[in-house]
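Enquirer: Dropping a structure here in structure tokens format, bear with me for questions.
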Amino acid sequence: MNRSGSGFSGGIRLLLLSAWLGAAIFFSAIVAPAAFSTLRSFQVTNVNEIAGAIVNRALAVVNVSGFLISLAVLALTLPAERKNMKMPVVVSSIALLLMASATAVGHWVIAARMRGLRLAMVTIDLVPPDDPRRVAFNNLHRYSVISLMLAMLAAIAAIVLTGFRPLSGVRKTS
């Protein structure tokens with residue numbers, strides 16, 4: 001199958017999306033779990049507070065870069081594909097908008113509310129699990145994970161649709 005974004009613009013779009021997806025996977029699978037498990041191995045009393053601060057900083061970079069990259073890729077896609085606005089381009093554009101929305105909500109809505117709750121609890125490790133603030137924080141954490149997963153799935157869709165679209169009007173050469 002021929003690749004539609006095989007030119008310079010397509011290569012840049014694939015590179016940006018793939019780099020962000022790799023960073024998001026690395027954060028989710030390595031950075032976040034390692035921060036918590038490493039600090040727990042030292043039996044630090046406020047392990048969740050410290051690990052959460054580390055993870056929050058890294059997640060902010062992942063979310064903001066995902067937002068900016070998805071908008072940049074969309075801005076590169078529309079001019080490059082204006083003559084080829086077929087279903088894969090439309091679906092890829094929708095995936096990019098979903099990625100931008102999920103990372104924006106994850107950073108500017110969910111993470112902001114989590115920071116507010118964390119400040120209200122002072123030290124999260126000392127707050128009982130059934131405290132309403134802790135319950136709300138845990139629910140927001142779950143939404144944060146879902147938001148990042150949606151953004152990652154949208155990035156995968158955009159990568160596949162950008163990298164493996166058939167070209168229209170291209171003749172096969174022998």
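Enquirer: Of everything in region 77-119 that's within 13 Å of the chain's Cα centre (by Cα) and of a type in the set (Val, Ile, Thr), which residue is most open to solvent (accessible area, probe 1.4 Å)?
Expert: Ranking the qualifying residues of region 77-119, first place goes to VAL105.
Enquirer: Go through (1) in contact (Cβ under 8 Å) with a residue 60 or more places away in the chain; (2) closer than 18 Å to PRO33 by Cβ; (3) not charged (D, E, K, R) for ALA58 and report which single condition fails.
Expert: (1)
Enquirer: Would you mind telling me which numbered condition in (1) within 20 Å of GLY10 (Cβ to Cβ); (2) surrounded by fewer than 16 Cβ atoms within 10 Å (Cβ to Cβ); (3) not polar (S, T, N, Q) VAL64 fails?
Expert: (1)
Enquirer: Could I ask something else about it? Just to be sure I understand, how many residues within region 79-95 are modelled with pLDDT under 90, touching a helix residue (DSSP H, G or I) at 6+ places or on another chain (Cβ under 6 Å) and outside any loop (DSSP other than H, G, I, E, B)?
Expert: 2
Enquirer: Please count how many residues of region 33-55 are outside any loop (DSSP other than H, G, I, E, B) and either of a type in the set (Val, Ile, Thr) or under 17 Å from ALA102 (Cβ atoms) (or both).
Expert: Within region 33-55, residues that are outside any loop (DSSP other than H, G, I, E, B) and either of a type in the set (Val, Ile, Thr) or under 17 Å from ALA102 (Cβ atoms) (or both) number 5.
Enquirer: So, VAL31, is that one modelled with pLDDT under 95, over 14 Å from ALA151 (Cβ atoms) and either among the β-branched types (Val, Ile, Thr) or surrounded by 15 or more Cβ atoms within 10 Å (Cβ to Cβ) (or both) or not?
Expert: No; evaluated as a whole, the condition is false for this residue.
Conditions tested, residue by residue: (1) of a type in the set (A, V, I, L, M); (2) surrounded by fewer than 19 Cβ atoms within 10 Å (Cβ to Cβ); (3) in contact with a helix residue (DSSP H, G or I) (Cβ under 6 Å, 6 or more places away or on another chain).
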site	(1), (2), (3)
LEU39	yes, yes, yes
ASN46	no, yes, yes
ILE50	yes, yes, yes
ALA75	yes, yes, no
ASP130	no, yes, no
ARG134	no, yes, no
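The values are calculated or read from the model by the stated rules, or taken from the named source; none is laboratory data. All figures in this text were calculated on a predicted structure; none of them were measured in a lab. Cβ atoms come from the backbone with ideal geometry, glycine included; neighbour counts cover every protein chain shown. Side chains included, ligands, DNA and RNA excluded: accessible areas come from the protein's heavy atoms. Shrake-Rupley method; radii C 1.70, N 1.55, O 1.52, S 1.80 Å.
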